[in-house]
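Just so you know, all these numbers are worked out from the coordinates, no wet-lab data involved. The model shown is predicted, which means the values in this text are computed figures rather than measured ones. Cβ placement follows ideal geometry from the backbone for every residue including glycine, while neighbour counts extend to all protein chains displayed.
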Amino acid sequence: MTTVAVTPADLDAAAASDVSLRRFLHGLPGVDQVGAEARAGMLATRSIKRGAKLWALDMALRMTDLTTLEGADTPGKVRALCSKAMRPDAVDPEVPSVAAVCVYPDLVPTAVESLAGSGVRVASVATSFPSGRASRAVRLADVAEAVSAGAHEVDMVIDRGAFLAGRYAQVLSDVVAVKEQCGNAHLKVILETGELRTLDNVRRAAWLSMVGGADFIKTSTGKVAPASTPAVVLVMLEAVRDYAEATDSLVGVKAAGGIRTAKDAIRYLVLVNETAGQRWLTPDLFRFGASSLVNDLLMQRTKQRTGSYSGPDYFTVD
Amino acid sequence: MAEQRIPPSGSEAIGRIPPSGSEAVGRIPVAKTYKLFIGGTFPRSESGRSYAATRRNGDFLANAAQASRKDVRDAVVAARKAQPGWAAATAYNRGQVLYRVAEMMELRRPQFVGEVAAADGLDIETAVHVVDETVDRWVWYAGWADKIAQVAGSSNPVAGPYFNFTVPEPTGVVAVIAPQDSSLLGLVSVIAPAIVSGNAVVVVAAQERPLAAITLAEALATSDVPGGVVNILTGVTAELAPVLAAHMDVNAIDLAGAPGEMVPALERSAADNVKRVVRPDGTDWAASPTPDRMLALVEAKTVWHPVGI
């Protein structure tokens, strides 16, 4: 796969104006879509044996952002989700906690209260998630609300309309403004790859977000199909790898939407290991945004522990 | 009677019509691949294994897929997914779908006759009789779909101002170890009573006689039975049965064809999640069936309803 070689000076120069940004982003090597899909498909066939599988199941749990983003969310549901985040399997205290709970901004106080002292972080979507179609003032106010309520991580959406129309500077300044508003909170930038159409666009959006100061780049909102696909995540992992080469700063990747089975999750871990490298196999640099995935991970874990297949009756209904 | 429904004569090979003219000039026969039946599709075993199915006298017949525990897992997932929809269909509708299966089986009589004759070691005439009996038995069970509730349900007298009803409900996902000594009639005698009430089944076909089970799957796939209601695995019973018995998402297990020495261990594993167990009882598959097998795989739900509301 192509390696993008740039220097920090190139990035500074690129960020200077709309024209220079376009020149930089369109100068990135094109993605061979067929090749990317074939490579992702090939890595998906790798067989993971028992010891490694147990490790991978626990790692996937520790990387999960347990998510509820429904219009019907209530404080009660968020509290239940927080209990699950802290202790995913009620009967097995050895199961590790998940990385974070991801909710809408108005439910952040509930999550912060429930998770206090547990080490599980609170992530909040903001910037008029999922469409992002509001004025910048409104979007920034959304972020400010989440941060002041105690969110440790903020998931923003980029303006896909502006991105697709080629107004890259506008997207960049959005990211920069949100990053500033975040303060100490980690910023995850959602590319919504299902709306970007091509892997070339995914690569450009990834670089654009990283230049803007993203701590994480995230595939999708989960509200648009297709959400996270292995090929898209492969391209994003290449981008963070190359960005680390160029600048020595490590940006994380979050695969969100459509990941429901332990098998899928393990395939993503293989992808991470083979593309970005072992450094990224930590909850600080790779996350899953999911809700039903956790139950499947627990079921597979139970299978490995007891030897017999488990069923959904023995886990919470979220 | 049987003679009138006889298949094309001389169908020695399984289900094949006698050689056509073109075969005489060196036509290469197209052999059938016997695969598994999971979730309405015909996958090969996840393990990639297969084993030889033979005639009673040991001659090679065909290769059958040898299912693994992962195929069991997939089949149970498919069954669990399909079961609520099948149970929610009206009893009348389930009956009609099952009649349709009998129609499809009727069309495949020559193939069934060939397979039953070869696997069970019967002459053609007896095999024809067995296949007719099988189709008729399926029809008999289909007729039960909208009658179980009347027979197994009741309106109970209680000392209070309540109506009190008991209605039979399907148990859920039923694992079936098919009889080893009757490749088609025995198989149908355990599948039909389980699904007629709204259960979904995962069936382990007779280990040494698996071919008729897959042909039955083809009849099921071309009728209107929703994918996943019947899942058929071929392979080694001793390998698959313990996985099903221990599976926490299986609600009942019919041990009809489980080897005697395995039964205690299977019952013990089944107790882990309090599965309903139908123990092998030496049923004569050729004899007329009773409603017992159907009634063993339904649960009684009793409802209290205040009078006057």
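The distance from the alpha carbon centre of the range A:59-99 to that of the range A:240-282 is 21 Å, rounded to a whole number. Residues of the range B:38-70 with backbone nitrogen within less than 20 Å of a virtual label 7 Å along the Cα-to-Cβ line of B:Glu208, please, listed as ranges. Those under the cut-off are B:50-67.
Considering every Cα-Cα pair within chain A, what fraction, in whole percent, is farther apart than 29 Å? Considering chain A, 34 percent of its Cα-Cα pairs are separated by more than 29 Å.
Taking packing as the residue-averaged number of other Cβ atoms within 10 angstrom, the listed peptides A:282-293, A:74-85 run from highest to lowest as A:282-293, A:74-85. Of interest is the spacing of the C-alpha centroids, which for the range A:142-172 and the range B:195-258 amounts to 52 Å.
Rounded to 0.05, the FRET efficiency of the B:Val25 and A:Ala38 pair, given R0 = 41 Å and the Cβ-Cβ distance, is 0.40. Spacing of the modelled spin labels on B:Val151 and A:Arg87, each 7 Å from Cα toward Cβ, amounts to 4.9 nm. Relative to the dominant Cα principal axis of chain A, helix A:230-247 is inclined by about 60°.
Among A:255-268, B:143-156, sorting by the average number of other beta carbon atoms lying within 10 angstrom of each residue, highest first, gives A:255-268, B:143-156. Computed packing ranks the peptides A:167-180, B:90-103 as A:167-180, B:90-103, most packed first, by mean other Cβ atoms within 10 Å. In the range A:141-166, whose amide N lies under 16 Å from the spot 7 Å out along Cα-to-Cβ of A:His26? List them in ranges. Residues A:163-166 fall inside that zone. Counting only other chain Cβ atoms within 10 Å of each residue's Cβ, the peptide B:68-76 averages 1. The stretch between B:Ala159 and B:Thr33 holds 39.1 nm of extra length on full extension. This uses 0.36 nm per residue minus the Cα-Cα distance.
Here the label points at B:Glu261 and A:Lys263, each 7 Å from Cα along the C-beta direction, are separated by 3.4 nm in the simple model. Other protein chain C-beta atoms within 10 Å of residue C-beta, averaged over A:57-63: 0. By the helix-only formula, in which each DSSP H run with n ≥ 4 contributes -39500 (n - 2.57) and the sum is divided by residues, chain A has a 222 nm mean residue ellipticity of -15000 deg cm²/dmol. Result for chain B in a Gaussian network model with C-alpha springs under 10 Å: among B:Leu211, B:Leu295, B:Leu107, the largest mean-square fluctuation is at B:Leu107. Counting Cβ atoms of other protein chains within 10 Å of each residue's Cβ and taking the mean over peptide B:246-252 gives 5.
For a modelled paramagnetic label at A:Thr198, 7 Å from Cα along Cα-to-Cβ, the residues of the range A:204-222 in reach, with backbone nitrogen under 15 Å, are A:204-206. Of the beta bridges in the protein assembly as shown, as assigned by DSSP with both residues counted there, near 30 percent are antiparallel. So which of A:Lys263/B:Lys70; A:Lys303/B:Lys70; B:Lys35/B:Lys70; A:Lys49/A:Lys218; A:Lys84/A:Lys303 end up more than 22 Å apart, counting from Cα to Cα? Violating the 22 Å Cα-Cα cut-off are A:Lys49/A:Lys218. Counting beta carbons within 10 Å around each of B:Met105, A:Met156, B:Met262, B:Met248 and listing the fewest first gives the order B:Met262, B:Met248, B:Met105, A:Met156.
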